[in-house]
Amino acid sequence: MTRCSRRKPLVFALTIGVAAALGLVAQPALADPAALAARAASPQRIVSLSPTATEDLFAVGAGKQVVAVEEFSTYPKEAPRTKLSGFKPNAEAIAAYKPDLVIISDNLDNITAQLTKLKIPVLKESVPTKLDGVYTQLAEIGKATGHAAEATALIAKLKAKVAKTIAATPKPAKRLSAYYELDQTLYSATSKTFIGQVLALLGITNIADKASGAGSFPQLSAEYIIAANPDLIILADTVCCAQNAKTVAARPGWSTIAAVKTGSVTVVDDAVASQWGPRIVQLLQAVSRAAIRLEKLGK
């Protein structure tokens with residue numbers, strides 16, 4: 001399996017998460033953040049099966065309480081990364097870490113019921129569809145781990161950065177358009193996702209929204225993208241698949257796209273682009289910088 005092919009499960013996992021968040025997938029009862037916060041003692045042996053949850057835990061100050069994280073939790077570096085899988089969770093392997101809280105993003109393989117039988121509390125934080133969902137999850141994780149105050153302070157800082165970035169982004173009479181690439185097979189993200197909302201907040205039109213039968217994460221064609229002629233291209237497959245401005249320009253027919261002509265191809269770290277933790281602000285800022293650059297070019 002190549003590094004690029006390993007990128008595909010993430011796209012589909014995100015799709016499952018969005019469906020769950022919208023109530024389209026039946027889910028069993030899960031631990032309530034308020035109930036977890038009301039316990040006599042905060043959890044001291046936390047297992048994270050979500051890269052975003054891992055980032056959130058360390059961001060709110062609960063890093064020392066984390067004893068294990070799944071294989072794709074690469075940030076922060078000090079996170080205790082293991083071979084645990086968030087895509088194929090194994091209850092026995094998780095229980096071996098003697099957790100007093102497990103955080104998941106999807107109830108894959110009905111892991112919640114399995115862990116509940118073992119009397120292990122589970123907190124589910126699905127993929128949000130808006131930035132408000134990012135803030136809500138940070139607050140919930142803060143409350144569940146005994147770091148409510150730290151989470152509140154972090155949320156305030158993130159909101160301030162978001163507001164500053166939006167204010168600094170130009171709003172031309174003719175809205176800029178953008179193509180957001182999740183992988184080399186041209187999967188993208190519509191405005192139904194938190195990724196799409198980042199573009200919307202900056203006043204940018206998402207070309208994936210008009211794709212025939214577009215769901216949350218449609219697969220576009222090269223012909224469709226070329227015809228849409230986006231002003232901006234955002235690459236979220238730079239680490240997994242080594243994509244950059246040069247590789248995009250070398251694709252048949254892509255050199256005619258406005259974004260390629262003006263050098264408006266923005267590269268974003270895959271994890272920053274696909275996760276919805278505090279670093280979502282970095283994605284917003286990267287797109288904003290691209291829009292500001294276009295304005296300076298006289299777009």
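The values are calculated or read from the model by the stated rules, or taken from the named source; none is laboratory data. Computed from a predicted structure; not experimentally measured. Cβ sites come from the backbone with ideal geometry, for glycine too, and all protein chains shown count toward neighbours.
Can you pull out every residue in the range 161-179 that is among the β-branched types (Val, Ile, Thr) and either free of Cβ contacts under 8 Å to residues at least 40 places away in the same chain or in a helix (DSSP H, G or I) (or both)? Once the filter is applied, which keeps residues that are among the β-branched types (Val, Ile, Thr) and either free of Cβ contacts under 8 Å to residues at least 40 places away in the same chain or in a helix (DSSP H, G or I) (or both), the range 161-179 yields Val162, Thr165, Ile166. Of the candidates Ile94, Ile111, Ile104, Ile120, the single residue that is under 30 Å from Leu199 (Cβ atoms) and outside the structural domain of Ala290 (by TED's automatic domain parsing) is Ile104.
Contact annotation: residue pairs with Cβ atoms under 8 Å, 6 or more positions apart or on different chains, pairing a residue in the range 253-271 that is farther than 25 Å from Val281 by Cα with a partner that is charged (D, E, K, R) and buried (at least 16 other Cβ atoms within 10 Å of the Cβ), are Ala258/Asp231. Out of (1) among the polar types (S, T, N, Q); (2) crowded, with 20+ Cβ neighbours inside 10 Å; (3) within 19 Å of Ala227 (Cβ to Cβ), what's the single condition that is false for Gln197? The failed condition is (3). Among the residues of the range 114-129, the one identified as buried (at least 17 other Cβ atoms within 10 Å of the Cβ) and basic (Lys, Arg) is Lys124. Entry remark, the range 193-232: residues being part of a loop (DSSP other than H, G, I, E, B), within 19 Å of Ser264 (Cα to Cα) and in contact (Cβ under 8 Å) with a residue 40 or more places away in the chain number 5 in total. For the range 238-267, residues that are in contact with a strand residue (DSSP E or B) (Cβ under 6 Å, 6 or more places away or on another chain) and assigned to a loop (DSSP other than H, G, I, E, B) total 3. The set of residues from the range 48-88 being out of contact with any Lys or Arg (no Cβ under 7 Å at 6 or more places or on another chain), among the hydroxyl-bearing types (Ser, Thr, Tyr) and either closer than 22 Å to Ile111 by Cα or in the same structural domain as Cys240 (by TED's automatic domain parsing) (or both) comprises Ser48, Ser50, Thr52, Thr54, Thr82, Ser85. Taken over the range 95-115, the residue count meeting the criterion of being under 20 Å from Gln44 (Cβ atoms) and either touching a residue at least 12 places away in the same chain (Cβ under 8 Å) or touching a strand residue (DSSP E or B) at 6+ places or on another chain (Cβ under 8 Å) (or both) is 10.
Note on the range 136-153: residues that are surrounded by 21 or more Cβ atoms within 10 Å (Cβ to Cβ) and either assigned to a helix (DSSP H, G or I) or without any contact (Cβ under 8 Å) to a residue 60 or more places away in the chain (or both) amount to 9.
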